[in-house]
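Asker: Just passing along the structure, written as structure tokens.
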């Protein structure tokens, strides 16, 4: 059952792997933006996560430790952003862009000695029983742990935002920080934590690229994944499950166009390469075309406590 | 003698360059409605913020039921039994009523129980609310109910209300007062901040008056006239505007069945608005905020264009003309939002003058700005309208609300308009400045201009306008002479009784 030499089972299996880094970064950024902060440094936090995760995984020969340190590195980098933006009231857009540049620079420096090495990678889980189901087992249930962790995070974020008091307070802070402050909520502290969560998720996403997808270190290897994650957050209308759809759509088209290139379809490579970006954005624009839904009303606005 | 609930003793709070409160002391008794009166900037909001734990006083002390009371945060104040209904910005538009209420409670119950509580309490106090509605879709009156219910669910001993009636229709005010009297009879004390003196006379037991951050007087509102209270607030007597009997001229402006959809996402579309305005006439348009006032002003100023023959000025169809063209032929306007709409905050007064007065005052010289002339005209405005400012180079944003409003109105009035349209001419302006702005509008009409005043302050409209109508959901009520108008009728008009319906009832 191959079409143009492409096996749909393998296609879906590999799209989940291909989409995981973007999904992780996007769900983290969703939380950050829900708290009312726009962090454009996703790309920078991802690549720092990628290099730190790679270095620790190579040195400890344990990819799990690599992921943990990558998350910590992403969160640490994001505290720079949080301090500048929340405490020193710097401009969010400029600071976020700066964070990306810093991340790209630091990662190139740290990663230099590690170029050309192969890292230990995560084993696929092959979930018992489920993985033996014909077709679906192969497609959905024989991935590495991080694929499931990423979906779990999406579920947790959705549940927290929708059903818990912590989620309600987070949304309230993003919706109207003056009102939240007047009611006695600690706007700065809540946003700081949200930014750190976003940093940790971006770090995980970056490490997934350098430890599972590729798996080795090359300078600038995130190649714009952070930017597409940012776009997905907006076009998914800040809704966690839509973020998953967006990320998988992008991952799917990326894999598909690679397969099409390999199959030698008579479309110029450049068009195929740009297609994931174009199609994902087009689809999400259509989904979110019914107006400006769900944008947190205080998004990107600096907060000054008036006393 | 009733027991003292809250004893405020010598509270002082200074900000860089200004003392917001200086040694303020007074007492609130149990089960009393206590009014806090003062002009804008008199220090009312700083004082209540200290009681509610949002601001820390520099010195002074408070006792609440004979216990030392110095809340470090609103949570602490709520814990002691102080609740506050804010004038602005304390609701979350995108969240539901129940979520908004849960956010204001320290130990919110499960959402199903909370919804039940909300229904119960809101019905008990005659303020019905549906817990699952999104707050952004509620009217101003309903939004205020959300805030009040949020407070009541915590059984407060002291309820602080900051300008609660500024957005309500007279009927809604009645409902609110009934609720407040019920609370009072149950022993809750209320600290009531307002500048509407007649309301304070109707509701409050005692009034404390602040001026420039200091307590200057107390009075029993029921036995004090509104004028006496106003003079205590201002610290001087001032003249009331005088409505002269003047001759009306010919019709200068006509709107013919104007319909226009709003450019804003949650805006109100105008539906079939018709009116005639005569020379020397002041037409007052009342109504609750958000019923199409901004759109009506935009349609008249030219920011929103309509079919050409929908607007006739002096026999000329101008519906399709933009603001500059309309200014040129004498239709001037001043929108509600002073900062960012009527004036650019970061630009100087002189520059702001050029923005609207360039054409009519010939401030342009072959396309270049004539700064000498602009400066002269700005000085004229400052002198004529008593704008308190350091000079013509002061940024508009650094003026106080009242002074900027005087500047904005003055800039248009001194251009000798044929028709002047103004939205909320005295919003947030102190009593003396408001009186002088109203007098200037009357003078303008005396000199033969047609004036349209859109306002939510009914007393203001009744004081200066010759005819009155209300705008509701983008429709205009019947236009009636002010002299024959009664409060009940105004309430009905604001609630949406249109000309046809009234005809049918009669």
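The values are calculated or read from the model by the stated rules, or taken from the named source; none is laboratory data. What you see is a predicted model, and the numbers here were worked out from it, not measured in a lab. Backbone-built Cβ (ideal geometry, glycine too); neighbour counts: all protein chains shown.
Asker: Determine, yes or no, whether residue B:154 is within 14 Å of chain A (Cβ to nearest Cβ) and either within 30 Å of residue B:170 (Cβ to Cβ) or outside any helix (DSSP H, G or I) (or both). Can you show your working first?
Answerer: On the way: within 14 Å of chain A (Cβ to nearest Cβ): yes; either within 30 Å of residue B:170 (Cβ to Cβ) or outside any helix (DSSP H, G or I) (or both): yes.
Criteria met by residue B:154.
Asker: Every residue in the stretch A:189-221 that is within 14 Å of chain B (Cβ to nearest Cβ) and touching a residue at least 12 places away in the same chain (Cβ under 8 Å), please.
Answerer: First, the residues of the stretch A:189-221 that are within 14 Å of chain B (Cβ to nearest Cβ): A:189-190.
Answer for the stretch A:189-221, where residues must be within 14 Å of chain B (Cβ to nearest Cβ) and touching a residue at least 12 places away in the same chain (Cβ under 8 Å): just A:190.
Asker: Next question. Under 25 Å from residue B:255 (Cα atoms) and not in a loop (DSSP other than H, G, I, E, B): which single residue out of B:452, B:381 fits that description? Break it down stepwise before answering.
Answerer: Values: B:381 fails: under 25 Å from residue B:255 (Cα atoms).
None of the others qualify; the one that does is B:452.
Asker: To continue, here is another question. Restricting attention to the stretch B:85-96, which residues are at the interface with another protein chain (Cβ under 8 Å from one of its Cβ atoms) and either in contact (Cβ under 8 Å) with a residue 12 or more places away in the chain or buried (at least 21 other Cβ atoms within 10 Å of the Cβ) (or both)?
Answerer: Listed by number, the residues that qualify are B:86, B:90, B:91, B:92, B:93, B:94, B:95.
Asker: Could you please find all residues in the stretch B:63-83 being crowded, with 22+ Cβ neighbours inside 10 Å and at the interface with chain A (Cβ under 8 Å from one of its Cβ atoms)?
Answerer: The answer is B:74, B:78.
Quick grid of which residues meet (1) surrounded by fewer than 17 Cβ atoms within 10 Å (Cβ to Cβ); (2) within 14 Å of chain A (Cβ to nearest Cβ); (3) on the phi > 0 side of the Ramachandran plot:
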{"position": "B:98", "(1), (2), (3)": "no, yes, no"}
{"position": "B:110", "(1), (2), (3)": "yes, yes, no"}
{"position": "B:119", "(1), (2), (3)": "yes, no, no"}
{"position": "B:123", "(1), (2), (3)": "yes, no, no"}
{"position": "B:126", "(1), (2), (3)": "yes, no, yes"}
{"position": "B:133", "(1), (2), (3)": "yes, no, no"}
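Asker: Which is away from every other protein chain (no Cβ under 14 Å) and without any contact (Cβ under 8 Å) to a residue 60 or more places away in the chain, of B:269, B:308?
Answerer: Of the residues listed, the single one that is away from every other protein chain (no Cβ under 14 Å) and without any contact (Cβ under 8 Å) to a residue 60 or more places away in the chain is B:308.
Asker: Still on this structure: Looking at the stretch A:5-49, which of its residues are out of contact with any helix residue (DSSP H, G or I) (no Cβ under 6 Å at 6 or more places or on another chain) and assigned to a loop (DSSP other than H, G, I, E, B)?
Answerer: Selection gives A:7 alone.
Asker: Of all the residues that make up the stretch B:337-366, how many are part of a strand (DSSP E or B) and touching a residue at least 12 places away in the same chain (Cβ under 8 Å)? Even if it seems obvious, please write down each step before you answer.
Answerer: First, pick out the residues of the stretch B:337-366 that are part of a strand (DSSP E or B): B:339, B:343, B:348, B:364-365.
Remaining after also requiring touching a residue at least 12 places away in the same chain (Cβ under 8 Å): B:339, B:343, B:348.
Qualifying residue count for the region: 3.
Asker: Output the qualifying pairs, or none if there are none: Cβ atoms under 8 angstrom, residues six or more apart or on different chains, first residue in the stretch A:107-121 and under 15 Å from residue A:62 (Cβ atoms), second residue surrounded by fewer than 12 Cβ atoms within 10 Å (Cβ to Cβ).
Answerer: Note: pairs meeting the criteria are A:120/A:61.
Asker: Hey, could you check the stretch B:115-140 for residues that are assigned to a helix (DSSP H, G or I) and in contact (Cβ under 8 Å) with a residue 24 or more places away in the chain and say which is farthest from the chain's Cα centre (by Cα)?
Answerer: So in the stretch B:115-140, the residues assigned to a helix (DSSP H, G or I) come out as B:115-124, B:135-137, B:140.
If we keep only those that are in contact (Cβ under 8 Å) with a residue 24 or more places away in the chain too, we end up with B:117-118, B:121-122, B:135-136, B:140.
Working: B:117: 32, B:118: 29, B:121: 29, B:122: 26, B:135: 21, B:136: 20, B:140: 13 Å.
Filtering the stretch B:115-140 for residues that are assigned to a helix (DSSP H, G or I) and in contact (Cβ under 8 Å) with a residue 24 or more places away in the chain, the one farthest from the chain's Cα centre (by Cα) comes out as B:117.
Asker: Hey, any hits in the stretch B:261-278 for a residue that's in contact with a helix residue (DSSP H, G or I) (Cβ under 7 Å, 6 or more places away or on another chain), modelled with pLDDT under 90 and more than 27 Å from residue B:171 (Cα to Cα)?
Answerer: yes
Asker: Any idea which residue in the stretch A:141-172 is farthest from the other protein chains (Cβ to nearest Cβ), counting only those that are crowded, with 20+ Cβ neighbours inside 10 Å and closer than 19 Å to residue A:191 by Cβ?
Answerer: Top of the filtered list is A:157.
Asker: For the structure I just gave you, tell me whether residue B:47 is crowded, with 18+ Cβ neighbours inside 10 Å and either at pLDDT 90 or above or in a helix (DSSP H, G or I) (or both). First the steps, then the outcome.
Answerer: Numbers: crowded, with 18+ Cβ neighbours inside 10 Å: yes; either at pLDDT 90 or above or in a helix (DSSP H, G or I) (or both): yes.
It is true that residue B:47 is crowded, with 18+ Cβ neighbours inside 10 Å and either at pLDDT 90 or above or in a helix (DSSP H, G or I) (or both).
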